[in-house]
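The values are calculated or read from the model by the stated rules, or taken from the named source; none is laboratory data. Treat the numbers as computed from the prediction; the structure is a model and nothing was measured. Note that each Cβ is placed from the backbone with ideal geometry, even for glycine, and that neighbours are counted across all protein chains shown.
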Amino acid sequence: MPVHVALTFDDNFWAPAYAVMRSACLAGRKPADFVFHLFHRGLGAEHRQVLGDITKEFGARLIDYNLTENERFTAFLAGLAFHKKLTNMVYARLLLDELLPADIERVIYLDCDIFVRGPLEILAELDLQGRPIAAVLDAGRHKQMLGRDFRQNLDLFSYNFAYFNAGMLVIDREKFGAADLPGETRRMHESGLLARIQYDQAVLNLVFADKWLPLDFRWNLICPWPAHEALEPLLLHYTGHRKPWNLVSGVAFSNAYRHTMTNAVFYKFWRERMKRRLLAPFKTLLGR
Amino acid sequence: MSDKAIHIALTFDDGFWAPAFATMRSIALSSERRADLNFHLLHKNLSAEHRAELDAIAEEFPGIRLHDYPLAEDRHFAAIKEGFVFKWRRLNDMVLARLIFDKLLPQTVTRLIYLDCDVMVRQPIEELWETDLQGKAVGGVIDPNRHKVMLGREFKEKADIFTYDQPYVNGGVLLIDLERWAKADLMGRTAAFREQGLLEKLYYDQDIINLVFAGELYPLDWRWNLTNALPAHEALEPFIIHYSGDRKPWSLIGGTAFFNNYRHVMTNEKYYAFMRFRWRRSLEKLFRRLTFRSARRPA
């Protein structure tokens, strides 16, 4: 039975996307059954070739969705204001139902700063108990929901509002589609509400309030510290500024992450970022 | 006070006015039974200005009641203190007040939650309040750092008082059956410990509670009192964060669990007012030292 996994990223994130897929395959029971749906805005040929190694190594399928050529996606974005954090790739997560092939009933959405350590088949076969999605409660939710002094957006959220982290979602296609996320997002935009909520995951939390299935925190451990290693987390989510692809990160499983990304990809990605960073001042000077 | 009232006691002096506020506000934010919340504030030398700051709780969360017990002005407290004829270096007014909760609070209060003022509550406090103590007198969380406190240096010093495997709770979060507390006569027992020559080895009221209520302690889930809270603990969704270590969340430098949240719970205005208060106090202290003046006596 195929395990469908959706990733949304741009070319700058090609190597972390590779690490997500490789970690999922390494931890998977039958990685040849994995199908990765890659939503992006076009990838460099060299980068796309590296991603293709997932198929060579594990037999998993990769399906590309270049959203720069997607009329539905472009139409959805038209007129929609862009929040600094809400890039158009984030909107792809909200449009998954419209973008995925019709025959897919269950999909696992993953952010690209994730490192999978448990078999995703467990999530693919999970009983969602009639809920549209399963996710993990976000430990950092209070500040995100309620803002400064926990006094903002009290008309939308309360302190005890069960607010999930949207970096890992187990999605029931039919119920997810029925929630009409594109329509809800547009309505939130038109009413001015979209500008008040800081993060895209607030949209998902408002739409799926009280309707989602909470999973054990080990299925989406945010801000993973080395002290968490002994708790055997099943999926690590490197939120915050400490990222495992940095040479020094101080995060849980930083060494395992490099070997999962593979050393060749890890250092190639590092060289690319260094080059970009060094060239950035000159580009600014040249106005490019 | 209604039958549904939830009673919470805090003991603090003027130096802890803002953390006391943060503790109360964290409870108010997370509780679904705000109208039932009764805070019993046993304080000493709390300035009128800082006492007024605490009223912001009742203004922001109507229905919450604050009850004051200014210990320095309380004749009843003074009389009890007077009756305590011996000296113990650890017996300050805050410790004494905790030992005699039953004598200071109204008799209608038969159950009490005691909280240190370096805690932040994240779970509805009513869930702790409604815990069935199963016939035990005091609910608390087993202290992970108990062995050094119980047994002292090299785990030998207090081996005549505690045993290594004895259940020992942290005194920062307690659910108390106040009738049993009264019957236990903690003051009398403290005097008896003195006669036995044990008192000087005891660690404040925490040791006394653990000795007196040995066999009557109900162990609460660790999440109700997470001591030495670090960022790695955040994912475990603790209910009460107890900043018991050296790192405090009101310092500018972080490193504790929910460091950023704490400032927003205290509110930014009070967080920075408290910082200025501490700096001013430190400067005054330094000035007094430099000029060989004795500490200013509180009014």
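Here are some notes:
- Test: residue in segment B:169-179 that is in a helix (DSSP H, G or I) and at pLDDT 95 or above: yes
- Enumerated helices (runs of 4 or more DSSP H) restricted to segment A:143-250, each holding at least 2 residues that are buried (at least 20 other Cβ atoms within 10 Å of the Cβ): A:181-190, A:200-207
- Test: residue in segment A:221-232 that is aromatic (F, W, Y) and within 11 Å of another protein chain (Cβ to nearest Cβ): yes
- A:P244 under 24 Å from A:N88 (Cβ atoms) and touching a Phe, Trp or Tyr at 6+ places or on another chain (Cβ under 6 Å): no
- Of all residues in segment A:28-69 being of a type in the set (K, R) and assigned to a helix (DSSP H, G or I), the one that is nearest to A:D10 (Cα to Cα): A:R48
- A:A256 fulfils the conditions (1) assigned to a loop (DSSP other than H, G, I, E, B); (2) among the small types (G, A, S); (3) surrounded by 14 or more Cβ atoms within 10 Å (Cβ to Cβ) except for a single criterion, (1).
- Options A:R277, A:R271: the member that is over 30 Å from A:Y163 (Cα atoms) and modelled with pLDDT of 95 or more: A:R271
- Members of segment A:228-245 that are in contact (Cβ under 8 Å) with a residue 12 or more places away in the chain and more than 18 Å from A:D138 (Cα to Cα): A:E229, A:E232, A:K243, A:P244, A:W245
- Each residue in segment B:247-260 was checked for being surrounded by 22 or more Cβ atoms within 10 Å (Cβ to Cβ) and at the interface with chain A (Cβ under 9 Å from one of its Cβ atoms), and 1 of them qualify.
- For the criterion of being buried (at least 17 other Cβ atoms within 10 Å of the Cβ) and within 27 Å of B:V141 (Cβ to Cβ), B:H7 passes.
- Every condition in (1) hydrophobic (A, V, I, L, M, F, W, C); (2) in a loop (DSSP other than H, G, I, E, B); (3) surrounded by 20 or more Cβ atoms within 10 Å (Cβ to Cβ) holds for A:I104 except the one numbered (3).
- Breaking point among (1) away from chain B (no Cβ under 14 Å); (2) of a type in the set (A, V, I, L, M, F, W, C); (3) farther than 18 Å from A:L221 by Cα, for A:L169: (3)
- Every pair of residues 6+ apart whose Cβ atoms lie under 8 Å, when the first sits in segment B:268-280 and is more than 14 Å from B:R51 (Cα to Cα) while the second is not in a helix (DSSP H, G or I): B:Y271/B:W250; B:M275/B:W250; B:M275/B:L252
- Checked against the criteria, B:R288 counts as more than 10 Å from chain A (Cβ to nearest Cβ), more than 21 Å from the chain's Cα centre (by Cα) and modelled with pLDDT under 90.
Yes or no, residue by residue, for (1) touching a Phe, Trp or Tyr at 6+ places or on another chain (Cβ under 9 Å); (2) surrounded by fewer than 20 Cβ atoms within 10 Å (Cβ to Cβ); (3) of a type in the set (A, V, I, L, M):
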position: B:L133; (1), (2), (3): yes, yes, yes
position: B:K136; (1), (2), (3): yes, yes, no
position: B:M150; (1), (2), (3): yes, no, yes
position: B:F155; (1), (2), (3): yes, yes, no
position: B:D165; (1), (2), (3): no, yes, no
position: B:G171; (1), (2), (3): yes, no, no
position: B:L175; (1), (2), (3): yes, no, yes
position: B:K183; (1), (2), (3): no, yes, no
position: B:R189; (1), (2), (3): no, yes, no
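- Any chance A:L126 is surrounded by fewer than 19 Cβ atoms within 10 Å (Cβ to Cβ), of a type outside the set (K, R), farther than 24 Å from A:A178 by Cβ and touching a residue at least 24 places away in the same chain (Cβ under 8 Å): no
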